[in-house]
Amino acid sequence: MSAPWTNPLRQEQDRRLPRIAGPCSMVLFGVTGDLSRKKVMPAIYDLANRGFLPPGFSLVGFARRDWADQDFAQIVHDAVREHSRTEFREEVWKQLAEGFRFVPGEFGDEQAFKTLRRTLDELDEARGTGGNHAFYLSIPPKFFGSVVESLQQVGLTAPEKQASGLPAWRRVVVEKPFGHDLASARELNAVLDGVFDPESVFRIDHYLGKETVQNILAMRFANNLFEPIWNAHYVDHVQITMAEDIGIGSRAGYYDGIGATRDVIQNHLMQLLALTAMEEPVAFDAASLRVEKQKVLSSLKLPTRLDLHTSRGQYAPGWAGGEKVVGYLDEADIPRTSATDTFGAIKLEVENRRWAGAPFYLRAGKRLGRRVTEVAVVFKKPPHQPFDAVQTEDLTNNALVIRVQPDEGVTIRFGSKVPGTGMEIRDVNMDFAYGGTFTEASPEAYEKLILDVLLGDPPLFPQHEEVELSWKLLDPVLDYWAGHGKPDPYESGSWGPQSAHDMMARDGRVWRRP
Amino acid sequence: MIELSETTSSAIAAEFVAERARHGSPAMGMVMTMVILVDEDSAHQALDDARRASHEHPARVLGVIIGDGRGKGRVDAQIGIGDAWGGEVALIRLSGEVTKHADSVVMPLLLPDSPVVVWWPNDHPVDPASDPVGLLAQRRITDAASVRTGKANALRRLCAAYAPGTTDLAWTRLTPWRALLAAALDQQPLKVRGAVVTAEKVSPSADLLAAWLADRLKVKVTRETSPGPGITSVVLQSKEGPVEIERLDGRLATFRSPDNPDRPVALKRRDVPDLLAEELRRLDEDDVYAATAKKLVAQYGRTQQRRTPSRKATAS
């Protein structure tokens, strides 16, 4: 064929038509995990319900269970019934249910992978999945190596050309943690990149699937109102907070030795920082976004005195939201001597013209005052204040707060005259509620991300360079902490240890109470 | 809901502000004003549909019931916010002379700057774009499948009167069908030689689908009749064999394509709030609908030309 085929039924201006993924299947490793049941399976159902999955889409479970296809279908059914966002409809279930398969086996068992290979070949034949398969590794990273190797051995990583002449694809999806330091991250990347080409490795950072996070880019670059003041001339500093009110729950095995900094600062908070601080991308596509994110991540610099400008903590017993809760060291399966940080706070400088002099403060922790994730851009005081000190006593810095979750939206905080005869100025809030109304119909992060994997649309997935850059930055902090005693205890339900407040006070600033 | 009898637009507007203050001035973030022109019998259903659509698109909803046009003009209103609404709502009843000047009641109640949408859930004016209330709006939504009189010709008349910003829910209903058909050709780049659309006898959606396929594929599209419900099958013919989507129960379809196994695919008929929500997502002109409407009118013109001489023949 000389001219490339264009589908006459697709037109650029026909924006009603959703992009439906091409024929494909997804193989889910780690079927019984929380994430699979609460997020991945419901998201697949919701996608099917909204009409985004191709006819014939198939879901293959792979796990160390002695199950038949029906047992797996039952697990998916229960997960969907309990956790799906959209209403359960029999006809949608029917469309999906014919495509459920289960392959029992160990992650290194060649026989099981041969069965998997046969199953996928059968699906290509019977369901028309066209040789396109995504492998979703919802398993601990230590098994990645053996799974990927086994996939390669049975020839599942390199697709053959299809009968129709369209190239088939194989993609691999992984979840955080992307390693626990630079060396392990590189090792992990080597395992994946050794077998799949980098464009086929999808690292899920579910924060990037959130509407409010994507809205940061829309707000900054689609408007003319914010960008002129989005720099150190007007911005005093930026605070990025991710607070959880819960403890570690039953995740002791995963959490101990990892801690808040590795668990969320390295990925979610660094990505939020990158989106808040980066320059305007040339276009909203994967390559342009990646370039800008990498640029800003590589211009980050740690303070020289890590003792003065970082803080880590560990929650102690206390009262959280009217409930008496135990300290971290008393949680089940946590060694009494554990030095894991359940709270981390770090000051970062962005060394470029836009941000020099306006630091970014990141903090994340468990058992804090309430569950909230936000980016707060705190502005400088006006260079000259015509009102006197008494009149502006209640006026603090102006702020623009992007509320990522819950109650998604944007708040602008500024001064306003208090009604009355005198001139008195006090802070008021102006709210845009993304949450209250819009999100009722807005998809879960996982829906968006899984669909992007099936469509092969990578803008929202961090590449290994980004992962390595953020580890490179955090490694010195983690090393410093490892060599200097234990985290500072903080009372559960408070806003972190005293050292975190001291670190801000040294710069003449305070943490916002989010 | 607050009742206002023998009132005016400014009293209604003042009541909106007072209602908001009573609710503690919540951030509403309303993105548009939606005017519903409806009769008494359907008002309740239409407002309920709009309420459900308002969850995705917080709006000030103005339900306007045009009553008896005789006698002295009178405006009555019920106003509310909250209560599962993603915005504010007023149900306004007009009677007497003012029924001819509904636009004068609506105009002062439009939200500043934001877009205005007018929706006629049942009967609509012959030319929505030149209707006084329609003129206030960027988007005018009709529903050819729900008109009470002259259903068979409603769609053709609407297409003939097409103006930028006008759409019909019969077109919205097609989106899942069109998406599947487009996806079918994404998967198998076939050269389509002809197509058949089968649906119940009066089905504005089926007529639009046939026009769209004819316009895009440049082939002859045949329209067949079945007992329904709605559209029951679409076939695209090609050298390699037919691509067929068949849906007999209005819920679950079977997808057939050459060299592939049959596959079930959920294709439920959607209800009005879903359709409205889709319609409100984009408020600019729908170019594809414009082209399809033009095609539909042109096709009809050709069938008329063919029919006219044959009638003469039987007469003589």
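Some values worked out for this structure:
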item: With Cα atoms, 0 to 90° folded angle of helix B:151-160 axis to chain B main axis; result: 90 degrees
item: Nonlocal Lys pairs with alpha-carbon distance under 22 Å, the stretch A:229-372 (8 or more apart, or different chains); result: 6
item: Shielding of A:53-64 by partner chains, average beta-carbon count, 10 Å; result: 3
item: Charge tally in the Cβ shell below 9 Å around B:A170, where Lys, Arg are +1 and Asp, Glu are -1, B:A170 excluded; result: -2
item: Set of lysines with alpha-carbon distance to A:K381 below 20 Å, sequence-local pairs under 8 removed; result: A:K417
item: Positive minus negative residues near A:T337 (Lys, Arg vs Asp, Glu; Cβ under 15 Å); result: -3
item: Cβ neighbours within 10 Å from other chains - mean over A:90-97; result: 5
item: Distance (nanometres) between label positions extended 7 Å along Cα→Cβ at B:K151 and B:E246; result: 2.6 nm
item: Chain A: relative contact order as a whole-number percent, Cα under 8 Å and 6+ apart; result: 16 percent
item: Relative packing of A:84-91, A:382-389, A:124-131, which averages over residues the other C-beta atoms within 10 Å, highest first; result: A:124-131, A:84-91, A:382-389
item: Sequence-distant residues sharing a close amide H with A:L300 (under 5 Å, placed H); result: A:E351
item: Viscosity 1.567 mPa s, 4 °C: Kirkwood-radius Stokes-Einstein D of the protein assembly as shown over Cα pairs, µm²/s; result: 43 µm²/s
item: Cα-Cα P(r), the stretch B:2-170, percent of pairs per 5 Å interval; result: 2, 9, 18, 21, 22, 15, 9, 4, 1, 0
item: Cα-based helix-to-principal-axis angle, B:40-53 vs chain B, degrees rounded to 10; result: 80 degrees
item: Centre separation in Å (Cα based) which lies between the stretch A:152-224 and the stretch A:456-514; result: 25 Å
item: Scattering profile of the stretch A:25-175 at q = 0.08, 0.09, 0.12 Å⁻¹ [log10 I(q)/I(0), Debye over alpha-carbon scatterers]; result: -0.20, -0.26, -0.47
item: Placed amide H near A:T373: partners under 5 Å, 5+ positions off or other chain; result: A:A243, A:V404, A:Q405
item: Ascending count of other beta-carbon atoms within 10 Å, so fewest first, for B:W119, A:W481; result: A:W481, B:W119
item: Most to least packed among B:252-258, B:67-73 [average Cβ atoms within 10 Å]; result: B:252-258, B:67-73
item: Neighbourhood net charge (12 Å Cβ-Cβ; Lys/Arg +1, Asp/Glu -1) for A:S299; result: +1
item: When the stretch B:175-266 is reduced to its Cα atoms, the Kirkwood hydrodynamic radius in Å; result: 13.1 Å
item: Reach of B:K100 by Cα under 20 Å, taken over lysines that are not fewer than 8 positions away in the same chain; result: B:K72
item: Cα extents of chain B along the three principal axes, largest first (Å); result: 67, 55, 32
item: Length released on extending from A:M430 to A:R353, taking residue separation times 0.36 nm less the Cα-Cα span; result: 24.7 nm
item: Cβ neighbours within 10 Å from other chains - mean over B:172-180; result: 4
item: Reachable aspartates and glutamates from A:K38, criterion Cα separation under 18 angstrom, eight or more residues apart if same chain; result: A:D46, A:D71, A:D78, A:E82, A:E87, A:E175, A:D205, A:E444, A:E447
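None of the figures in this text is laboratory data; all of them are computed from the coordinates on show. Just so it is clear, the structure is predicted and the values come from calculations on it, not from any experiment. Every residue, glycine as well, gets a Cβ built from its backbone with ideal geometry; the counts of neighbours run over all protein chains shown.
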